[in-house]
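Scroll down for the structure; my scribbles are underneath it.
The values are calculated or read from the model by the stated rules, or taken from the named source; none is laboratory data. Note that the coordinates shown come from a computational prediction; the quantities given were computed from them, not determined experimentally. In this analysis, Cβ positions are derived from the backbone assuming ideal geometry, glycine residues included, and neighbour counts consider all displayed protein chains. The accessibility values were calculated without ligands, DNA or RNA, using every heavy atom of the protein model including side chains. Shrake-Rupley method; radii C 1.70, N 1.55, O 1.52, S 1.80 Å.
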Amino acid sequence: GLEVSPHYDSMLAKLVTWGPNRLLAISRMERTLRGLSVFGVQMYRELLLRILSTEAFRAGETDTHFIDTHLGEDLAAPPDPALLRRAARAATLYSFEQRRRSRALLPGLEPGYRNNPYRDSTVSFEAGGEALDVAYSNLGDGRLEVKQEEASGAVKLSSLQPPGMCFEDTDGVQRRVRVVCDHDRHHIHMGDASVVLRELPRLPEPEREEIRGGLVAPVTGQVARIAVSPGDVVKKGQVVAVIEAMKM
């Protein structure tokens, strides 16, 4: 919960790699950053990886205008939609498998079993103001059939040792991810990128409409009698109306 001011943020942590030459030191830094995941705080891992990958940086051509010159408009680019959909699939499979493994009642029965299924289960995430919906059905044996915009197919769990997970994605590629769930937030580390998804409530709280200048009855029923007239001055505890409701 602490906020580190700009005067001290550079003192928060240092990651140092070394090598007999510049290129080997950079390669070690890239490898280290790709395997590094720190969730819950703002990081610049992706920015550092992009800087390290530029030819100018690798050649040592750096100055105070380096980011503006070599990255510039790319800094404002929105997240890759395909990456967000991939992260949503990973979060869905990870959460599903965690629920399956924590079952105490009928642990041998696959979650979501229906003898007459009529629709897929759904989960919705939000990232950067964009909604990500995932419809899925349990195929058993660690497999889910997922349906997304422009991406559908089966995902299959290969191994799970929280927070690490390896799974076969819809394109048949094996992917290693780390997933940490903090209430409704899913922090997902995927190689060169880290994504935070907020899971939207399945059953949102109903909105309550307030009636200005009126009274709302605590029950649904029929108004049997109005005990006052327009313009009357009423006192606390005075009967205003009588309502008949079932069993009341």
Selection within the stretch 148-172 - over 24 Å from residue 38 (Cβ atoms), touching a Ser or Thr at 6+ places or on another chain (Cβ under 8 Å), open to solvent by less than 60 Å² (accessible area, probe 1.4 Å) and not hydroxyl-bearing (Ser, Thr, Tyr): 151, 153, 154, 155
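Can you name the residue in the stretch 1-49 that is among the hydroxyl-bearing types (Ser, Thr, Tyr) and either loosely packed, with under 12 Cβ neighbours inside 10 Å or under 26 Å from the mean Cα position of the chain (by Cα) (or both) and is also nearest to residue 165 (Cα to Cα) among such residues?
Keep residues of the stretch 1-49 that are among the hydroxyl-bearing types (Ser, Thr, Tyr), which gives 5, 8, 10, 17, 27, 32, 37, 44.
When the remaining residues are screened for being either loosely packed, with under 12 Cβ neighbours inside 10 Å or under 26 Å from the mean Cα position of the chain (by Cα) (or both), the result is 5, 8, 10, 32, 37, 44.
Values: 5: 35, 8: 35, 10: 32, 32: 19, 37: 14, 44: 23 Å.
For the stretch 1-49, the residue satisfying everything is 37.
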Any chance residue 136 is among the aromatic types (Phe, Trp, Tyr) and in a strand (DSSP E or B): yes
Only one of 110, 145, 126 that is of a type outside the set (Lys, Arg), free of Cβ contacts under 8 Å to residues at least 40 places away in the same chain, open to solvent by 20 Å² or more (accessible area, probe 1.4 Å) and not in a loop (DSSP other than H, G, I, E, B): 145
The stretch 184-205, residues that are more than 10 Å from the chain's Cα centre (by Cα) and either hydroxyl-bearing (Ser, Thr, Tyr) or under 20 Å from residue 126 (Cβ atoms) (or both): 189, 190, 193, 194, 201, 202, 203, 204, 205
Wholly within the stretch 161-245, strands (runs of 3 or more DSSP E) carrying at least 3 residues that are in contact with a Pro (Cβ under 8 Å, 6 or more places away or on another chain): 174-182
Yes/no for residue 52 being touching a Leu at 6+ places or on another chain (Cβ under 9 Å), within 21 Å of residue 192 (Cα to Cα), free of Cβ contacts under 8 Å to residues at least 40 places away in the same chain and not charged (D, E, K, R): yes
Residue in the stretch 31-61 that is farthest from residue 21 (Cα to Cα), counting only those that are modelled with pLDDT of 90 or more and part of a loop (DSSP other than H, G, I, E, B): 54
Pairs with Cβ under 6 Å, 6+ apart, first in the stretch 211-234 and under 12 Å from residue 248 (Cα atoms), second at pLDDT 85 or above and assigned to a loop (DSSP other than H, G, I, E, B): 219/245; 221/245
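Among the residues of the stretch 62-97, how many are open to solvent by 70 Å² or more (accessible area, probe 1.4 Å) and assigned to a helix (DSSP H, G or I)?
8
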Matching residues in the stretch 174-199 - criterion: being open to solvent by 50 Å² or more (accessible area, probe 1.4 Å), of a type in the set (A, V, I, L, M, F, W, C) and over 19 Å from residue 97 (Cβ atoms): 196
